[in-house]
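Asks: One structure is given below, represented as structure tokens, and several questions about it will come after.
Values quoted throughout were computed directly from the atomic coordinates according to the rules given, and no laboratory measurement underlies them. The model shown is predicted, which means the values in this text are computed figures rather than measured ones. Quick reminder, even Gly has a Cβ in these numbers, built from the backbone with ideal geometry, and neighbours come from all protein chains shown.
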Amino acid sequence: MSKIDSNTITIYNSLKGEKEIFKPISAPNLGIYVCGPTVYSNVHLGNCRTFLSFDNIVRYFKFLGYNVRYVRNITDAGHLVDDAEQGEDKISKKARLEKLEPMEIVQKYTLDFHQVLSQFNALPPSIEPTATGHIQEQITMINAILDKGLAYEANGSIYFDVKKYNAEGGNYGELSGRNIEDLMAGSRALDGQSEKKNPQDFALWKKASPEHIMRWDSPWGVGFPGWHLECSAMGTKYLGEQFDIHGGGMDLKFPHHECEIAQGKACNGVSPVNYWMHANMLTLNGQKMSKSTGNTLLPEELFSGKNDLLEKAYSPMVVRFFMLQAHYRSILDFSSEALNASEKGFHKLMEAKSALNNLMYKPGVVSETADKKVKDLIADCYANMNDDFNTPKTIAVLFELVNKINKMLAEKAIDLSEIVFNELKEIFNGFIEDVFGLKPEITTNNGKLDVVLELLIGMRNNAKQNKDYALSDQIRDELNNIGIQLKDSKEGTTYTIK
RNA sequence: GGUCUCUUGGCCGAGUGGCUAGGCAGUAGUCUGCAAAACUAUCUACGCCGGUUCGAAUCCGGCAGAGACCUCCA
């Protein structure tokens, strides 16, 4: 029985508002689309949380043996600073401010995005399409929606007709739980005369004003695509008219994802996505991290410790572990105190992993109780991940296994059968490395360091035998100050580099 | 203002109608020359007020506080 068949996954589907059993369209193939960043500035830590949440989800699917096509776009055009009426394209604005070509901005921040995610050990997507690379596909989609009569042209721009879409059986609001009567009643009166028939209509194509630098020819004149359209066009192109999972940050639920559903249904006649997943926000000082309000923390500031909010630097792996300790659908508040706790926990976990891998199996007295306990804990790891990717609960189980590993080390006895012992190794490593993407932190160990430390440990042991504790403690304490911790046990002294 | 969500011990954070989450911190013990690490034991909970129930922190209602979306945001 394959792991795919033996693990039934439940997913909280935002569209239904409840957990559902996940039924892929054509297992073992699986299509997932995640909304990527708008590359007009550096990705901040809050952005990273969403991408890391979905990285873990994709990793778990792969771990189970799914053949995942993971599409994550780069938004490099069409995203307006204000609203669809008189907004300026975000990339264009930044290009004007930095006196660069828009594509220089795009390149600069795309590279930053890739570099940051790679530091966090996130897997690259299978396809990473850009909005500007799919103008034709977007135009084709607009034409299809126009043909259905669900969009209209106004002064060189094309708008989606939400009211008509709903009148003809559409259900705009189904994802975000809004009804359009409320939206109409509650919408602010816009200054000036709107081109839109109704305020909730959204742009599929915008006419470019003369000063707008990013512009393309279209059947309706020179302009640029609306933001919501790119994801619909690229999702359809690479994953089909209907695919398994669409993910993104909670803040994209409305209007972005709501509009995607409407566009997909209007164009193709089917709801584009079976399972909508939304990752919750990372907050700083109790407020959402947001580029526009400046309440942000950059990964680089975290890794270097150069920020007033931070007591010290934290490694990417510690930050990743910190995020894993909260469920992806919960708000997570960032603080130095919380990170400190995670840092210690992370080291404890990784040290147990390394100790386990160095432990050779020796036949001894096998305890059936111990065997069963370990097997149950392994099953719990799967069960917890199967339950809407509950990473914090899975980590709690891993710590129970840490306890078991340390106990075997302390007692110098393995009371597990060889089969269970090997399974423990395989699963413990598998969950930490493959599913959670946690790897040992980079050390400068090139082999010579081992020899140097063996030498120092030997010198310290001599000093201890001569009761020269001043010297032995000096060696221990000074090594500790530079992050090398000596650990004494009856078998001798080992060390850990932090 | 409208829609929705959250409120757990010193901190961070899971979770369930009755059974120890876990991490960090604290306390005591084992070990140690002293520590650290590890092991053992252990202390702090479920915003407030009602209701349903044999039993609720968990379900329902009200109140208070916080947040998200309604405009660009992961």
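Asks: Could you give the size of the charge dipole of chain A about its Cα centre, using +1 on the Cβ of each K and R and -1 on the Cβ of each D and E, expressed in debye and rounded to the nearest 20?
Replies: 780
Asks: Can you work out the Karplus-derived ³J(HN,Hα) for every residue in segment A:449-461? Use 6.51 cos²θ - 1.76 cosθ + 1.60 with θ = phi - 60°, whole Hz, and x for glycine or proline.
Replies: Result, rounded to whole Hz: 4, 4, 5, 4, 5, 4, 4, 5, 5, x, 5, 5, 5.
Asks: Express in nm, to one decimal, how much length is gained between A:Asp450 and A:Glu181 on full extension, taking 0.36 nm for each residue of separation and deducting their alpha carbon distance.
Replies: Details: separation 269, 0.36 × 269 = 96.84 nm, distance 7.05 nm.
Here the answer is 89.8 nm.
Asks: Next question, about the same structure. In what sequence do A:Val222, A:Val420, A:Val374 fall when counting other Cβ within 10 Å, fewest first?
Replies: A:Val222, A:Val420, A:Val374
Asks: Considering only A:Pro125, A:Gly240, A:Asn155, whose Cα is most displaced toward the positive end of the charge dipole of segment A:3-279, charges sitting on Cβ of Lys, Arg (+1) and Asp, Glu (-1)?
Replies: Looking along the dipole axis, the top candidate is A:Pro125.
Asks: Restricting to chain A, compute how many DSSP beta bridges are antiparallel as a %, nearest 5.
Replies: 55
Asks: Rank the residues A:His278, A:His257 as a footprinting-exposure proxy: fewest other Cβ atoms within 10 Å of their Cβ go first.
Replies: A:His278, A:His257
Asks: How much net charge surrounds A:Asn143 when only other residues with a Cβ under 12 Å from its Cβ are counted (Lys, Arg +1; Asp, Glu -1)?
Replies: Working: positive: A:Lys148; negative: A:Glu137, A:Asp147, A:Glu153.
Combined, the nearby Lys, Arg, Asp and Glu give -2.
Asks: Using only the alpha-carbon atoms, what does chain A span along each of its principal axes? Please give whole angstrom values in decreasing order.
Replies: The principal-axis extents, from largest down, are 91, 53, 36 Å.
Asks: Given R₀ = 60 Å, FRET efficiency for A:Ala470-A:Asp387 by Cβ-Cβ distance, to 0.05?
Replies: Numbers: r = 55 Å, r/R0 = 0.92.
Result of the calculation: an efficiency of 0.60.
Asks: Please work out the Cα center distance from segment A:261-337 to segment A:388-427, rounded to the nearest Å.
Replies: Their Cα centres are 30 Å away from one another.
Asks: Would you work out the charge dipole size for segment A:303-435 about its Cα centre, treating the Cβ of every Lys and Arg as +1 and the Cβ of every Asp and Glu as -1, and quote it to the nearest 20 debye?
Replies: Here the size comes out at about 280 debye.
Asks: Okay, moving on. For chain A, what does the helix formula give at 222 nm: sum of -39500 (n - 2.57) over DSSP H segments with n ≥ 4, over the residue count, nearest 500 deg cm²/dmol?
Replies: On the way: 17 runs with 222 residues, N = 498.
Rounded to the nearest 500, it is -14000 deg cm²/dmol.
Asks: Still on this structure, please answer the following. In what order do A:Asp55, A:Asp371, A:Asp473 fall by count of nearby beta-carbon atoms within 10 Å, going from fewest to most?
Replies: Sorted ascending by nearby Cβ count, the order is A:Asp473, A:Asp371, A:Asp55.
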